[in-house]
Amino acid sequence: MNLQNSQNYYGKVLGGSSDLRTDACCTFEMPGDAVRKALKNVHEEVKARYYGCGLVVPQALEGCRVLDLGSGSGQDAYLLAQLVGPNGSVMGVDATPEQLAVAREYQEWHAERFGFANVQFVEGDIEKLGELGLEEGSFDVIVSNCVINLVADKEAVFRAAHKLLKPGGELYFSDVYADRRVPAHLLSDPVLHGECLSGALYWGDFERIAKAAGFADPRLVTDRPMGINDAEIAAKLDGINFVSATYRLFKLAGLEPQCEDYGQAVRYKGSVPGEERMFLLDAHHAIEKGRIFPVCGNSWLMLAETRFAEHFEFIGDFAHHYGVFPGCGTAVPFGQSDANPTKSDAPCC
Ligand SMILES: C[S@@+](CC[C@H](N)C(=O)[O-])C[C@H]1O[C@@H](n2cnc3c(N)ncnc32)[C@H](O)[C@@H]1O
């Protein structure tokens, strides 16, 4: 039902972004200069059928090979095509013929505008990426914008994305999350599903699924609470709260289950285009140019073993472990028990 409903909703029910009944598939972030400039080069027809819920534009894309899962009418693909430039490429995959038709109709128009042709659209089901014959370990970056909530087998999408990424590559994607598990019967409501609500993952399940697929340390980049302004839809949702969030998931073999402290630090050179003053690794790591910035082992790997390495100096190594990294949300488990004599008035024996 999921795929059929998506094809019907995005191919036939919606004629454009203004037909949406909630703000789940809308983007409110303020893009930077480079993105705003690139958006001006995207055809109006393509933009009119954009249903993304966030900006899927990670840093330092020049020369990258990018895959867009659920590329729709192609706005993100054409945007990213300009940022990867003539030495990079973007492949969009979508299952809805009407969306693909819009994306493909303007391929030549965009190639002329950019001065190069580096975008390709493929019809396919992202739950079955293995059937598309894509080479494993061949993409630097995979993006997806408001799509994974729509698919039934989310585990399959994360597993396939992990296989298709190069070591050090990342899945950078925006989607809708719920603050609890959405009752299964709501999935059969075509509007709730099509509006990206009833297929949304409970955030705790997302973390578990992503880790099981090999993405050991999911990093939240941005999030915004969503308002459900349609009274009929809100009544059916019965108090479930939704958030639109962007995560980045690195494919790095050395990532540990939690942030460990090896006494390491990085210093940002200020050389990433568009983030000259501050590099945003994630919502908790805004790294100012020139400052010695202490990092856990996982953050170190996300900077040292990825395309970001050339933009940082690295201080330290993994030789000495100093325990859990302070402030990463993981508390030391010991000494918290109510039966602990040091916590109670029990006499020492
Ligand atoms: C909310 S729209 C987002 C489209 C696009 N990412 C954008 O930002 O405009 C969801 C898209 O996911 C596609 N989709 C849903 N399920 C899919 C699947 N299993 N395989 C491929 N595409 C799928 C739909 O066809 C639709 O174009």
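The values are calculated or read from the model by the stated rules, or taken from the named source; none is laboratory data. Given the structure is predicted, the values throughout are model-derived calculations rather than measurements. Note: ideal-geometry Cβ built from the backbone for every residue, glycine included; neighbour counts use all protein chains shown. Quick note on the areas: whole protein, heavy atoms, side chains included, nothing else; ligands and nucleic acids left out. Shrake-Rupley method; radii C 1.70, N 1.55, O 1.52, S 1.80 Å.
If only residues of the range 297-349 that are in a loop (DSSP other than H, G, I, E, B) and of a type in the set (S, T, N, Q) are counted, the one that is modelled with the highest pLDDT is Thr306. Only one entry of Ser188, Ser271 meets the criterion of being at pLDDT below 95 and either more than 19 Å from the chain's Cα centre (by Cα) or of a type in the set (Phe, Trp, Tyr) (or both), and that entry is Ser188. Determine, yes or no, whether Leu55 is more than 9 Å from the ligand (Cβ to nearest atom), within 23 Å of Arg104 (Cα to Cα) and either among the hydroxyl-bearing types (Ser, Thr, Tyr) or surrounded by 21 or more Cβ atoms within 10 Å (Cβ to Cβ) (or both). Considered against the rule, which asks whether it is more than 9 Å from the ligand (Cβ to nearest atom), within 23 Å of Arg104 (Cα to Cα) and either among the hydroxyl-bearing types (Ser, Thr, Tyr) or surrounded by 21 or more Cβ atoms within 10 Å (Cβ to Cβ) (or both), Leu55 comes out as yes. When the range 38-48 is filtered for residues that are closer than 19 Å to Gln99 by Cβ and either outside any helix (DSSP H, G or I) or open to solvent by less than 70 Å² (accessible area, probe 1.4 Å) (or both), the ones remaining, listed by number, are Leu39, Val42, His43, Val46, Lys47, Ala48. For Ser18, the conditions (1) hydroxyl-bearing (Ser, Thr, Tyr); (2) in a helix (DSSP H, G or I); (3) within 20 Å of the chain's Cα centre (by Cα) are fulfilled apart from (3).
The requirement of being open to solvent by 10 Å² or more (accessible area, probe 1.4 Å), closer than 17 Å to Ile209 by Cα and within 16 Å of the ligand (Cβ to nearest atom) is fulfilled nowhere in the range 188-197; no residue meets it.
When the range 71-92 is filtered for residues that are within 12 Å of the ligand (Cβ to nearest atom) and in contact with a helix residue (DSSP H, G or I) (Cβ under 6 Å, 6 or more places away or on another chain), the ones remaining, listed by number, are Ser71, Gly72, Ser73, Gly74, Gln75, Tyr78, Leu79, Gly92.
To keep it simple, each residue is scored yes or no on (1) open to solvent by less than 60 Å² (accessible area, probe 1.4 Å); (2) in contact (Cβ under 8 Å) with a residue 40 or more places away in the chain.
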{"position": "Asp261", "(1), (2)": "yes, yes"}
{"position": "Lys269", "(1), (2)": "no, yes"}
{"position": "Glu275", "(1), (2)": "yes, yes"}
{"position": "Phe279", "(1), (2)": "yes, yes"}
{"position": "Ala283", "(1), (2)": "yes, yes"}
{"position": "Gly290", "(1), (2)": "yes, no"}
{"position": "Phe293", "(1), (2)": "yes, no"}
{"position": "Ser299", "(1), (2)": "yes, yes"}
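Applying the condition of being loosely packed, with under 15 Cβ neighbours inside 10 Å and within 14 Å of the ligand (Cβ to nearest atom) to the range 14-37 and asking which residue is nearest to Ala48 (Cα to Cα) yields Gly16.
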